[in-house]
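**Q** Here it is, the structure in full.
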């Protein structure tokens, strides 16, 4: 680095540090707040706690409701991912591999979901889920989430499947391997990169989803963690330290997982828009 | 890929028989319907139904019978809370385009090169985006809490009376927008970084040899080269603004006196919690039309122009 560039570089790093503290301060205050008494939070929201109280964290970790919320979220998210990958890949395979009358029209039809926000149809969706009798079940979240995730999944899958070597299918075909078997035996195993991308992306969306569970889940037994968190906040309105501990414990594993998988998240987010 | 070329030249009967053997029809009949059924049932049907319910006064029980024509739409347009909500949504778009995206671009230009320090900053700036929106809203509602939060600490150290920014009609939405910028600038930054890393170093080097200064390189080389990425991120900013919901609920829940609603929180509050399905559907229809308009406009103009 030439000395001429030293000053700009210092300014650059200083600016980055300012932004970084703007980003981190609220989260740090949250994590530390879980160790403080409410009186201390009141006078000193930012600093390290005078004495580290582990009781609030411990109380939440010992609360079966907390683990149930996380468990519910996990069940819903894993099921959504599995269903989206399977159903989406199957449809995308047909579009990529088989040309038939109406295939382009059906493909465009399934991509309509990319056009509008989820919230536009939330009220009729609520009625529909209620009339089918799914209200207050995991399915009430899983099925609509899958349906809304299908558009992007099918778009990304089809693009990927089309790039697989065609000779492979011709060889398999001559050996008597049909379409469905080829899908199972070759397409899916060869597509792990795109399956991972879509899978992680769908998982994150499901894990963080708030509006849909809020509308279709009523009882605490099936609450996902965002609902549980809001419920908890409502119960301990005046005790910020408990709420902060709760928030910290729920977002910590997510941050670790998501940072590890950020490559896939960004790929999923940008992939859809660039192609669409 | 399709049926093998040989199969296409054969007569229909033979083609069908081949088709059966390779499982072509079976594949279509087996693999396509699950997606079609799920999508139709939970996306398309609710969407068309909202276009139908919107013309009824209906509480969601029994069948909608009380046809009211355009009254739901008229009521919504005349409702001051809806006007505020629509205005707020526009404010979010404006802040995203003119504050968040420039900030993201500036940061991206600072840290797009692959060095360990840059990687660390990139990671830090991306964390808010990864957080669930509700969690982000809750964290910031603590920060803004005049009794406990960071505002309380600041007020105390300045020796002034504490202020409750989220309860203030004039300032609550400024607070909301702060949270939105905090939460999403890292996402836009990531898009720019990916694009900037794709700009050839030779091009920049050539400009430098020609005597271009850093600012000029940014202005005339890098920014034009990543224009498609900027167009895409602007699209996300607009579509994202139309959907803001999760952060508002823990922060202000639309208050004080309905001053911080967005279109979706408005839909939720006045449609669902009051079980006015018809009215809420009308809001949904408006939201849908706006989203489609944005998407079509974008495909027609912005994306095309960015490509040329």
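Read-outs: derived from the displayed coordinates by stated rules, not from any lab. For clarity, every value in this text was computed on a predicted model and none was experimentally measured. In this analysis, Cβ positions are derived from the backbone assuming ideal geometry, glycine residues included, and neighbour counts consider all displayed protein chains.
**Q** What average count of beta carbons from other chains do you get within 10 Å of the Cβ of residues in A:249-255?
**A** Neighbouring Cβ atoms belonging to other protein chains average 3 per residue here.
**Q** Given contacts defined as C-alpha pairs under 8 Å and at least six residues apart, what's the relative contact order of region B:153-308, whole-number percent?
**A** In percent, rounded to a whole number, it is 23.
**Q** Most fluctuating residue of B:274, B:214, B:71 in a GNM of chain B with Cα springs under 10 Å: which is it?
**A** B:214
**Q** Same structure again: Based on the alpha-carbon gyration tensor of chain A, what equivalent-ellipsoid semi-axes (square roots of 5 times the eigenvalues) come out, in whole Å, largest first?
**A** After scaling each eigenvalue by five and taking roots: 42, 28, 16 Å.
**Q** Quick one: among B:38, B:196, B:70, which has the greatest mean-square fluctuation in a GNM of chain B with alpha-carbon springs under 10 angstrom?
**A** B:38
**Q** A further question on this structure: For helix A:240-260, what angle does its Cα long axis make with the longest principal axis of chain A, in degrees from 0 to 90 and rounded to 10?
**A** Once rounded, one gets 40 degrees.
**Q** For region B:206-280, calculate the relative contact order in percent as a whole number, restricting contacts to Cα pairs under 8 Å that are 6 or more residues apart.
**A** The normalised contact order for region B:206-280 reaches 17 percent.
**Q** What's the angle, to the nearest 10 degrees (0 to 90), between helix A:262-275's Cα axis and the longest principal axis of chain A?
**A** Approximately 50 degrees, to the nearest ten.
**Q** Related question: Where does each of B:136-144, B:201-209 land if you order them by average Cβ count within 10 Å, highest first?
**A** B:136-144, B:201-209
**Q** Here's something else I'd like to know. What is the order of B:145, A:63, A:131, A:175, fewest Cβ neighbours within 10 Å to most?
**A** Taking fewest neighbouring Cβ atoms as first place, the list is A:175, A:131, A:63, B:145.
**Q** If you average the sequence gap of Cα pairs under 8 Å that are 6 or more apart and divide by the length of region A:57-275, what percent do you get for the contact order?
**A** Taking the mean separation of contacting Cα pairs over the length of region A:57-275, I get 35 percent.
**Q** Going by how many other beta carbons lie within 10 Å of each one, how would you line up B:262, B:178, B:252, fewest first?
**A** Starting with the residue having the fewest Cβ neighbours, the order is B:178, B:252, B:262.
**Q** While we're looking at this one, here's another question. Specify the inter-centroid distance of region A:61-81 and region A:175-237, based on alpha-carbon positions, in whole Å.
**A** About 12 Å separates the Cα centre of region A:61-81 from the one of region A:175-237.
**Q** Further, regarding this structure: Calculate how steeply helix A:192-208 sits against the longest principal axis of the alpha-carbon atoms of chain A, using the helix alpha-carbon long axis, and give the answer as 0 to 90 degrees to the nearest 10.
**A** 40 degrees
**Q** Same structure again: So, in Å, what gap is there between the alpha-carbon centers of region B:74-144 and region B:228-263?
**A** Computed from Cα coordinates, the inter-centre distance equals 9 Å.
**Q** A further question on this structure: Residues of B:140-152, mean number of Cβ from any other protein chain within 10 Å of their own Cβ, rounded to a whole number?
**A** Average per residue, whole number: 5.
**Q** Order the peptides A:141-149, A:49-57, A:101-109 from the highest to the lowest mean number of other Cβ atoms within 10 Å of their residues.
**A** Listed from highest to lowest mean packing, they are A:141-149, A:49-57, A:101-109.
**Q** Let me ask something else about it. Calculated from DSSP H runs of 4 or more alone, at -39500 (n - 2.57) each and per residue, what is the 222 nm mean residue ellipticity of chain B, nearest 500?
**A** -19500 deg cm²/dmol
**Q** Can I ask one more? For A:251, B:165, what's the fewest-to-most ordering of other Cβ within 10 Å of each Cβ?
**A** B:165, A:251
**Q** Given region B:73-307 reduced to its alpha-carbon atoms as identical point scatterers, what log10 I(q)/I(0) does the Debye formula return at q = 0.07 Å⁻¹?
**A** Summing over Cα pairs of region B:73-307 leads to -0.30.
**Q** Rg and Dmax of region A:1-57 over Cα atoms: what are they, in angstrom?
**A** Cα only, region A:1-57: 17.4, 54 Å (Rg, Dmax).
**Q** Among A:158, A:242, A:42, which one shows the biggest mean-square fluctuation in a GNM of chain A, springs joining Cα atoms closer than 10 Å?
**A** Answer for the Gaussian network model of chain A: A:42.
**Q** Separate question: Could you work out, residue by residue across B:290-298, how many beta carbons of other chains sit within 10 Å of that residue's beta carbon, and then give the average as an integer?
**A** Taking the mean over all residues of the peptide, I get 2.
**Q** Ratio of the protein assembly as shown's C-alpha Rg to 2.2 N^0.38 Å, to two decimals?
**A** For the protein assembly as shown, the normalised Cα radius of gyration is 1.05.
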